[in-house]
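A.B. asks: First the structure, which I've put down as structure tokens, then a few questions once you've had a look.
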Amino acid sequence: MPDLHPSYPIRTARLLIRPLAAADTEDLLAYRSMEQVCRYVPFYPMDSAAVAEKLKESWARRMIRAEGDSLTLGVELAESGALIGDVVLFFHSSEHRGGEIGWVLNPAYSGFGYATEACHALLHLAFGQLGLHRVVARVVEGNSASLRLADRLGMRREAHLISNRYFKGAWVGEVDFALVEDDWATQHAPGGGLGDRPR
């Protein structure tokens with residue numbers, strides 16, 4: 001498997017996708033400290049100390065070198081420079097060329113297609129540069145915004161798991177999505193219909 005060492009920033013029509021930095025702390029806290037943002041994701045509301053720790057550890061990574069690595073990148077509005085969210089790519093298996101994507105967006109910027117645009121750029125990294133065969137997204141049941149986002153990305157709903165995870169004090173279901181490289185290639189062939197390609 002090749003390494004993933006992107007050239008930053010990754011530019012889309014309206015966004016810059018790039019590594020997070022200490023200067024992003026205030027923008028990160030603006031959404032990662034919110035109960036509503038954390039409801040369906042595997043972390044609790046964060047304070048400045050938690051953000052600082054992440055920035056020194058897992059969020060400091062700028063590339064994927066080996067199975068088990070993950071890459072968390074900030075989503076910046078190119079026009080204003082505001083950090084409005086972050087996306088993550090996990091490299092799960094070298095043998096099976098498998099990975100996973102996730103996303104978190106400041107709700108003040110929802111409804112404009114920014115999350116779709118950012119995740120689409122992440123999928124370009126996953127398939128085009130890291131050479132993955134299959135990318136999944138796992139959405140907690142009830143997270144309607146993320147369910148719609150995975151659909152917009154062209155991911156296939158493969159499973160609806162009932163009461164399968166003990167998550168933040170309760171049993172919850174999960175909807176599993178996947179996209180394989182052949183479907184990705186078809187979607188991006190001339191006339192395939194998906195835009196917002198990184199440039």
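A.B. asks: Looking at (1) closer than 26 Å to Trp184 by Cα; (2) in a loop (DSSP other than H, G, I, E, B); (3) under 14 Å from the mean Cα position of the chain (by Cα), which is the one condition that is false for Pro42?
C.D. replies: Unmet condition: (1).
A.B. asks: All but one of (1) under 20 Å from Ala22 (Cβ atoms); (2) touching a residue at least 60 places away in the same chain (Cβ under 8 Å) hold for Gly131; which doesn't?
C.D. replies: Exception for Gly131: condition (1).
A.B. asks: Output the residues belonging to the range 72-100 that are among the polar types (S, T, N, Q), over 19 Å from Glu117 (Cβ atoms) and not in a strand (DSSP E or B).
C.D. replies: Narrowing the range 72-100 to residues among the polar types (S, T, N, Q): 72, 80, 93-94.
Now drop any that are not over 19 Å from Glu117 (Cβ atoms), which leaves 93-94.
Hit for the range 72-100 is Ser94, nothing else.
One line per residue, one yes/no per condition, for (1) modelled with pLDDT of 95 or more; (2) among the hydroxyl-bearing types (Ser, Thr, Tyr):
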| position | (1), (2) |
| --- | --- |
| Val104 | yes, no |
| Thr116 | yes, yes |
| Leu123 | yes, no |
| Val140 | yes, no |
| Ser144 | yes, yes |
| Glu174 | yes, no |
| Leu179 | yes, no |
| Ala189 | no, no |
| Arg197 | no, no |
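A.B. asks: Please work out which residue is surrounded by the fewest Cβ atoms within 10 Å (Cβ to Cβ), limiting yourself to the range 99-123 and to residues that are in contact with a helix residue (DSSP H, G or I) (Cβ under 8 Å, 6 or more places away or on another chain) and of a type in the set (Ser, Thr, Tyr).
C.D. replies: Ser110
A.B. asks: From Leu71, Leu29, grab the single residue that is hydrophobic (A, V, I, L, M, F, W, C), in contact (Cβ under 8 Å) with a residue 40 or more places away in the chain and surrounded by 13 or more Cβ atoms within 10 Å (Cβ to Cβ). Before the answer, list the steps.
C.D. replies: On the way: Leu29 fails: in contact (Cβ under 8 Å) with a residue 40 or more places away in the chain.
Within the list Leu71, Leu29, the selection yields Leu71.
A.B. asks: Could you count how many residues in the range 7-39 are over 14 Å from the mean Cα position of the chain (by Cα) and in a loop (DSSP other than H, G, I, E, B)?
C.D. replies: Number satisfying all stated conditions: 10.
The values are calculated or read from the model by the stated rules, or taken from the named source; none is laboratory data. These numbers come from a predicted model, not from an experiment. Glycine gets a Cβ as well: all are built from the backbone with ideal geometry, and neighbour counts include every protein chain shown.
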